[in-house]
Amino acid sequence: FASFTDKALEANLEPLKTLTNDIHLTTFNHPRARIRKDYDGVDLPFVEDPFHFVNNWIQQPSPYRVLLITGSLAFVGVMRAYITTRS
């Protein structure tokens, strides 16, 4: 995180990295949502379309996988609504 200045993101990612190396950053359609360039300096995959990512994740079920979605309440709400209405 040498060139990334968002201490909140850094503080939240460090504990997650002790649990898994399967962490992805993303964005969504919201005026205050981060975009790819906001994550410059963060060495994690960036997902342009979280809905496509979730669809792919759901299509590969496993009892050993967990999908944890974090972020703003707006993002979590959008993703929760999407996941619950697609079943």
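Candidates Leu19, Leu9: the one that is touching a strand residue (DSSP E or B) at 6+ places or on another chain (Cβ under 9 Å) and of a type in the set (A, V, I, L, M) is Leu9.
Looking only at the stretch 63-74, decide whether some residue is modelled with pLDDT under 90 and of a type in the set (S, T, N, Q). Looking through the stretch 63-74, at least one residue is modelled with pLDDT under 90 and of a type in the set (S, T, N, Q). Of all residues in the stretch 1-52, those being of a type in the set (Val, Ile, Thr) and closer than 15 Å to Gly71 by Cα number 5. Touching a Lys or Arg at 6+ places or on another chain (Cβ under 9 Å) and at pLDDT 90 or above: does that describe Val78? For Val78, the condition - touching a Lys or Arg at 6+ places or on another chain (Cβ under 9 Å) and at pLDDT 90 or above - is not met.
The values are calculated or read from the model by the stated rules, or taken from the named source; none is laboratory data. Please read all numbers here as calculations on a predicted model, not as lab measurements. FYI the Cβ positions are ideal-geometry reconstructions off the backbone, even for glycines, and counts take in every protein chain you see.
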